[in-house]
1. Where residues in the stretch A:191-216 are of a type in the set (Val, Ile, Thr) and modelled with pLDDT of 85 or more, which of them is nearest to A:Ala96 (Cα to Cα)?
2. Here are some residues: B:Leu185, B:Leu151. Which one is in contact with a Ser or Thr (Cβ under 7 Å, 6 or more places away or on another chain), of a type in the set (A, V, I, L, M, F, W, C) and closer than 17 Å to B:Asp31 by Cα?
3. With (1) surrounded by 19 or more Cβ atoms within 10 Å (Cβ to Cβ); (2) in a helix (DSSP H, G or I); (3) in contact with an Asp or Glu (Cβ under 9 Å, 6 or more places away or on another chain) as the list, and B:Ile141 as the residue in question, which single condition is left unmet?
4. Among the residues of the stretch B:32-43 satisfying the criterion of being crowded, with 23+ Cβ neighbours inside 10 Å and part of a loop (DSSP other than H, G, I, E, B), which is modelled with the lowest pLDDT?
5. Which of the residues belonging to the stretch B:72-110 are more than 30 Å from B:Ile36 (Cβ to Cβ), of a type in the set (Asp, Glu) and facing chain A (nearest Cβ under 9 Å)?
6. Pairs please, first residue from the stretch B:164-175 and within 14 Å of B:Lys148 (Cβ to Cβ) and of a type outside the set (A, V, I, L, M, F, W, C), second anywhere and at pLDDT below 90 and surrounded by fewer than 19 Cβ atoms within 10 Å (Cβ to Cβ), Cβ atoms under 9 Å, 6+ apart in sequence or on different chains.
7. Checking the structure you have, find out if any residue of the stretch A:46-60 is at pLDDT 75 or above and surrounded by 15 or more Cβ atoms within 10 Å (Cβ to Cβ).
8. Under the condition of being in a loop (DSSP other than H, G, I, E, B) and within 25 Å of the chain's Cα centre (by Cα), which residue from the stretch B:121-134 is surrounded by the most Cβ atoms within 10 Å (Cβ to Cβ)?
Amino acid sequence: MTILRNEIRFHWKGTLIWSVSLSFFAILALVLYPQVAVYSGFFNSMVERMGIFSQMFNLQNMDVFEFMNYYGLENGNFIGLGGGMFAAITAINIVAREEGRHTAEFLYPHPVNRLSVLMQKFVAMVLQLVAVNAIFILAAHIGAGLIGMGFPQKKFADFHLSLFMMNLQVAVLCFGISCFKKRDSVVPGLGLVLAFYFLNLFININREIATFKYFTPYFYTDIGRITSNGGPLWESIGLGFAVSGAVFLLGMAYYSRKDLAI
Amino acid sequence: METVIRTQGLTKRYRKARGITDLSITVNKGDIYGFIGSNGAGKSTTIRSLLGLIRAQSGKAEVFGLDIRRHKREILSDIGYIPSEASYYPGMRVHDALKMAARLRRRDCALEARKISTALSLDMNRKIDELSFGNKKKLAIALALQHKPQLLILDEATSGLDPLVQKAFWDLVMERHRQGATVFLSSHILSEVQQHCTRAAIIREGRLVVEDSVEALSRSAAKRVTLRGCDHLPEDFPGALGITVINRNISFLFQGDYHQLLRDLQSVAFSDLSITEPDMEEIFLHFYEKGGEAQ
């Protein structure tokens, strides 16, 4: 558990900063809800006239100012994009930085098993994601409480479960990629998250490329889709995890035999 | 005699760098083994293969009689390694690194860590990020010694250390050696090898040039011939290498028939003659210039 402890010890501050930042925006968006809701009729008609933009964010046929929909759209972006970025930044270097910062020469002459190191790092990464999501959920409840509102429990749970799965899928994929990397850089992880995010927007505009929905985890975090599906989109989640899991396993297998660059 | 390290035909090639080719060395229990070579000769590749950080394409590497690929954890639990440039996790203090290393080995090394830190004047409460190169090296020494390993692998261990700390370091290493530890020392400081090592190997362009006791290496190499009160040595003096003239003293390395040398010197005027063992640097240069012919 030494590696796990080490990872947590050195990353708890960063995790806390991300959690607090995202939570701040969650509360802010919720506190603004009563003022925005007053003009819901006006805004809903405006959304209808937005055409392609309304389509891009999957807003058609949705009451944007129904409380849970509002929360899903606003905070889905914070914990969706922000959380995805956090997952990518955390995972993309978690293995590679041992070589990138030459600490592999400190760690691996000790009697440690490389697979055990990877597993401990993986658990540390998941715990960080759980912490960010849990703090965000707590903040959402505080925000809702401040304006005297409450979330529909099932829908809220389905939505946050989907968001957490998306964060985890990004992290699993980036962790696998990190096993192949030798340098310490967050660019591939951030690039991947942005590519996923924009791919989802394109899928929303152009239904002909709907096949690509399985390539982006943002597809299954859409509040409208979760609502119409009556729960998380497990087919998309499963396929996404199958691909990310394959990269993860390939990365682990490669790392357990690779020549360490130090 | 019990063998601690044995490589047989060990070969590791990189895409761009040379690596090592068909390297066979033997380090026996109780040896202080000097591993000498210029930059890029293959010293670090050999050490990394022995530590299981990289995998050789062919050949075999055994430590404590066990194959490094199959028994890596078992082997590493009894090795102390000092890298040429130590890197640490950011934000750690000296005692954090020592504790972490001890935990990775599942041992309580607190007492020994304190003893070594005191001997090296290393402040255990300092932040590692704020340490000088020399102090980071001291920490690497403490990390390598705190669990009292049976094998010490030292890669340029004393570079960056001032003479006093070098002495403290060697005192610690020699104490461990007296307690039964075997030492594998990769070094550029040839006098260090000559002073401390019992056996040595010279590696050149990834291949072993020679491996023997330091004493035998000194014998097998050329001798240092010094003529005092002498101004001039005939051109093309047979067997003379690297002739230097300082204040009517002529000095050169000689390898060949000593009877012939004495005959040739009859035509040279000098007041005094000495023939001595060369120092390690001269041995090294001898084997490097000859490219291993002297084997």
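The values are calculated or read from the model by the stated rules, or taken from the named source; none is laboratory data. Not measured: the values here are computed from a predicted model. Don't worry about glycine lacking a Cβ; one is built from the backbone with ideal geometry, like all the others, and counts go over all protein chains shown.
1. Going through the qualifying residues, I end up with A:Val193.
2. Just one listed residue meets the conditions, B:Leu151.
3. Every listed condition holds for B:Ile141 apart from (3).
4. For the stretch B:32-43, the residue satisfying everything is B:Gly37.
5. B:Asp96
6. Nothing qualifies.
7. No, because not a single residue in the stretch A:46-60 is at pLDDT 75 or above and surrounded by 15 or more Cβ atoms within 10 Å (Cβ to Cβ).
8. Filtering the stretch B:121-134 for residues that are in a loop (DSSP other than H, G, I, E, B) and within 25 Å of the chain's Cα centre (by Cα), the one surrounded by the most Cβ atoms within 10 Å (Cβ to Cβ) comes out as B:Leu122.
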